[in-house]
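The values are calculated or read from the model by the stated rules, or taken from the named source; none is laboratory data. For clarity, every value in this text was computed on a predicted model and none was experimentally measured. Cβ sites come from the backbone with ideal geometry, for glycine too, and all protein chains shown count toward neighbours. Quick note on the areas: whole protein, heavy atoms, side chains included, nothing else; ligands and nucleic acids left out. Shrake-Rupley method; radii C 1.70, N 1.55, O 1.52, S 1.80 Å.
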Amino acid sequence: MEEIGAYIEANRAELEAWGLRVCDGITEAHGALLKVPASVRVKDPQSARGKQIRKAYEDPVRNMTDLVGVRFVVLTSTDLLPIRNAIEQSSSWSAVQARDPDEEIEKDPDTFSYQSHHYEVRSLPVGADSICCEVQVRTLLQHAIAELSHDAMYKTTRAVPSQAKRLVARSMALMETTDELLCRAMEAVRESDAPGLAVQRVASELTRSLHGGDGRSLVEELLSAYATEIDGHTADALRTFVRDNGFVLDKLRGRLDQGLFAYPPAALLSYWLVERLERAAISQWPFPGSRAELTKIFSDMGIAE
């Protein structure tokens, strides 16, 4: 049986390379969800030796699944699923879930304990020579509580005071409640943002052939300034407006070097707003530096300022 500390020291580069492959594979796909930069950790040889003393693995090199590890931390539990799916469905490795807190809660709903999804991710083909990387997936709240309490509460050999256990359990109960409220808040924000995002997509789609700037921030400012005019029907109304007023795209095409018109999605939305609100559009106009362009839009639409 190979001594575990010596194995880690001799194979550190190979262990780290496998961890980096797993880390990069997930980060490239879902890096925007991560709230803590993912990094690779190769197990300390002394820690591995101590674990072998405690666990007495028959073959520590094969049985100790955390010789290299990666942790992915997201904002809320809603963001866990894309990371977990990427781990479970990748064709680049074999993944087995070793710890599922959702199942643990289902079996014992009255218990509030350490929560983190753990996977054993092995290089292909799986066999005696495959390397295992332990992957943890957790929320920012779960990460905070784990960092504060896990070593002190669950890895210590000393007796933990019952009061401390109770306080940690209360913290985890509060964590679950906070996560639920945050998920509901984020869903409410997404629902509120949906009409505006649909308008952005349609405005960009309708003006794509004009090859101007995307003007995303300008569109967002228009959506904010005229928020009461934007609803779930606005994107379709914008399509109808372009169909009924085909000359507008021709006007934009000839003015791509002129201020607001250099950003066709924002300019197109401005035309629609002027048609809808007429003179009332002036008081909410968010671009003092593009007042001349607004005058041209009124003129094009045959509406007096």
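A straight Cα-to-Cα reach below 12 Å connects Lys251 with the aspartates and glutamates Glu293, Asp300, residues fewer than 8 places away in its own chain not being considered. For Lys107, a cut-off of 17 angstrom between C-alpha atoms picks up these aspartates and glutamates, skipping any fewer than 8 places away in its own chain: Glu176. Per-residue Karplus couplings for the stretch 45-51, computed as 6.51 cos²θ - 1.76 cosθ + 1.60 with θ equal to phi - 60°, are listed in order as x, 5, 5, 5, 5, x, 5 Hz, Gly and Pro entered as x. Can you bin the stretch 198-305 into rounded, prolate or oblate? Criterion: square roots of the alpha carbon gyration tensor eigenvalues sorted a ≥ b ≥ c, rounded for a/c under 1.5, prolate for a/b above b/c, oblate for the rest. Since a/c stays below 1.5, the shape of the stretch 198-305 is classed as rounded. Net length available on complete extension from Phe247 to Glu9 is 78.5 nm, with 0.36 nm assigned per residue and the Cα-Cα distance removed. Given the options Val274, Phe247, Tyr226, identify the residue whose Cα lies farthest towards the positive end of the charge dipole of the stretch 184-305 (+1 on Cβ of Lys, Arg; -1 on Cβ of Asp, Glu). Ranked along the dipole, the leading option is Phe247. Put a dot 7 Å past the Cα of Glu221, heading toward its Cβ, do the same for Arg62, and the two dots end up 6.6 nm apart. On the beta carbon distance between Ala98 and Glu205, with R0 = 45 Å, the FRET formula returns roughly 0.50. By how many degrees, between 0 and 90 and to the nearest 10, does the Cα long axis of helix 264-277 differ from the longest principal axis of the chain? Between helix and principal axis, roughly 60 degrees. More than 17 angstrom separation, counting every C-alpha pair in the stretch 167-230; what % is that? For the stretch 167-230, the share of Cα pairs beyond 17 Å comes to 58 percent. Averaged per residue, the chain has 55 square angstrom of accessible surface, using a 1.4 angstrom probe with ligands and nucleic acids left out. Dipole magnitude for the stretch 179-305: computed about the Cα centre from +1 point charges on Lys and Arg Cβ and -1 point charges on Asp and Glu Cβ, it is near 480 debye. The modelled label-to-label distance for the pair Gln46/Ala194, using points 7 Å beyond Cα in the direction of Cβ, is 5.6 nm. Which distance in Å, rounded to a whole number, links the C-alpha centroids of the stretch 31-70 and the stretch 259-295? So the separation of the two Cα centres works out to 59 Å. Summing Cβ point charges (Lys, Arg +1; Asp, Glu -1) relative to the Cα centre of the chain gives a dipole of roughly 540 debye. Placing unit charges on each Cβ (+1 for Lys and Arg, -1 for Asp and Glu) gives the chain a dipole about its Cα centre, and among Leu140, Ala164, Ala235 the Cα reaching farthest toward its positive end belongs to Ala164. Expressed as a whole percent, the accessible surface of the chain that belongs to carbon and sulfur atoms is 50, based on a 1.4 Å probe.
Rounded to the nearest 10 degrees, the inclination of helix 234-244 to the longest alpha-carbon principal axis of the chain is 40 degrees. Out of all DSSP beta bridges with both ends in the chain, state the antiparallel percent to the nearest 5. Around 70 percent of the beta bridges assigned by DSSP in the chain are antiparallel ones.
Using the Cβ-Cβ distance between Arg54 and Ala32 with R0 = 51 Å, the FRET efficiency computed as 1/(1 + (r/R0)^6) comes to roughly 0.85.
Here's the list of lysines a cross-link from Lys51 could span, going by alpha-carbon distance under 23 Å and ignoring same-chain residues fewer than 8 apart: Lys43, Lys155. Distance between the modelled labels on Gln89 and Arg170, one decimal in nanometres: 4.2 nm (7 Å Cα→Cβ projection). Could you tell me whether the stretch 249-291 comes out rounded, prolate or oblate from its Cα gyration tensor? Rule is a ≥ b ≥ c as square roots of the eigenvalues, rounded for a/c under 1.5, then prolate if a/b exceeds b/c, otherwise oblate. The shape class here is oblate.
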